[in-house]
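What follows is a set of notes on a single structure, which appears directly below.
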Amino acid sequence: MTTQTATGIPTIVQRQRDFFRTGQTKSLDFRLAQLAKLKQVILANQDGVLAAVKADLGRSEFEGYFEIASLSEITLAIKQLKSWAKPKSVKTPIEQFPSSAYIQPEPLGVALIIAPWNYPFQLALVPLVNAIAAGNCAIVKPSESAPYTSQLIAQIISEQFHPGFISVVEGGIETNQALLAEKFDRIFYRAVLM
């Protein structure tokens, strides 16, 4: 699902929350399947990614491959997810002897991913990998300064993923403001300065 205006954002956020409440994203099998699907989607659209970043930023094909670095993040997440999700023992105070305690990683809910312009594909997809691995639903806001890449991200996400699980919202500053006016459980924004 892609929207070009800020007016539908509360509905999109509510749809993400409703999907999260189904509990589907807690399943490690679900997360692994979604990560594998994302990897396949990126591989299938590799030429499109290179063309989009060339059109947006004038990048050479060689430099364009840095945008597809999210593949290594997906491979790592698939390999490590079961270990990341295991409960971790922690010490308990002596006064609580003979008790034991552990930390159980749990999904937070709905994540917002705002991608900057300089690596528009990579910096949208790497946080998405993290959100999926953690069992969260996500709303991705690609950079309006990279319109071809933004359109490609919107297309591949809307074609391959349930809109309650992952949605893409395109737009400018007013869209960012409308998104940030909503409550999210995690917000990802990372700019790479090179």
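The values are calculated or read from the model by the stated rules, or taken from the named source; none is laboratory data. Everything numeric in this text was worked out from a predicted model, so none of it was measured. Don't worry about glycine lacking a Cβ; one is built from the backbone with ideal geometry, like all the others, and counts go over all protein chains shown.
Can you pull out the residues in segment 98-117 that are within 22 Å of the chain's Cα centre (by Cα) and not hydrophobic (A, V, I, L, M, F, W, C)?
Residues of segment 98-117 that are within 22 Å of the chain's Cα centre (by Cα), as a first pass: 104-117.
Selection gives 104, 105, 106, 107, 109, 116.
Taking residue 88, is it touching a strand residue (DSSP E or B) at 6+ places or on another chain (Cβ under 7 Å), loosely packed, with under 12 Cβ neighbours inside 10 Å and modelled with pLDDT of 90 or more?
On the way: touching a strand residue (DSSP E or B) at 6+ places or on another chain (Cβ under 7 Å): yes; loosely packed, with under 12 Cβ neighbours inside 10 Å: yes; modelled with pLDDT of 90 or more: yes.
Yes.
Got a number for residues in segment 148-175 being part of a helix (DSSP H, G or I) and closer than 20 Å to residue 136 by Cα?
To start, the set of residues in segment 148-175 that are part of a helix (DSSP H, G or I) comprises 148-160, 173-175.
Remaining after also requiring closer than 20 Å to residue 136 by Cα: 153-154, 156-160.
Total meeting the criteria: 7.
Mind checking whether some residue in segment 91-98 is among the polar types (S, T, N, Q) and in a helix (DSSP H, G or I)?
Our first condition is that a residue be among the polar types (S, T, N, Q); within segment 91-98, this holds for 92, 96.
Keeping just the survivors that are in a helix (DSSP H, G or I) gives 96.
Checked against the condition, which is being among the polar types (S, T, N, Q) and in a helix (DSSP H, G or I), segment 91-98 yields at least one hit.
Answer with yes or no whether residue 40 is assigned to a helix (DSSP H, G or I), of a type in the set (S, T, N, Q) and surrounded by 15 or more Cβ atoms within 10 Å (Cβ to Cβ).
Details: assigned to a helix (DSSP H, G or I): yes; of a type in the set (S, T, N, Q): yes; surrounded by 15 or more Cβ atoms within 10 Å (Cβ to Cβ): no.
Judged against the criteria, residue 40 is not a match.
Rundown of residues vs (1) surrounded by fewer than 19 Cβ atoms within 10 Å (Cβ to Cβ); (2) not β-branched (Val, Ile, Thr), yes/no style:
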{"residue": "125", "(1), (2)": "no, yes"}
{"residue": "129", "(1), (2)": "no, no"}
{"residue": "135", "(1), (2)": "no, yes"}
{"residue": "141", "(1), (2)": "no, yes"}
{"residue": "145", "(1), (2)": "yes, yes"}
{"residue": "149", "(1), (2)": "no, no"}
{"residue": "155", "(1), (2)": "yes, yes"}
{"residue": "160", "(1), (2)": "yes, yes"}
{"residue": "171", "(1), (2)": "no, yes"}
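For residue 14, which of the numbered conditions (1) surrounded by 15 or more Cβ atoms within 10 Å (Cβ to Cβ); (2) at negative phi fails to hold?
Result: residue 14 fails condition (1) only.
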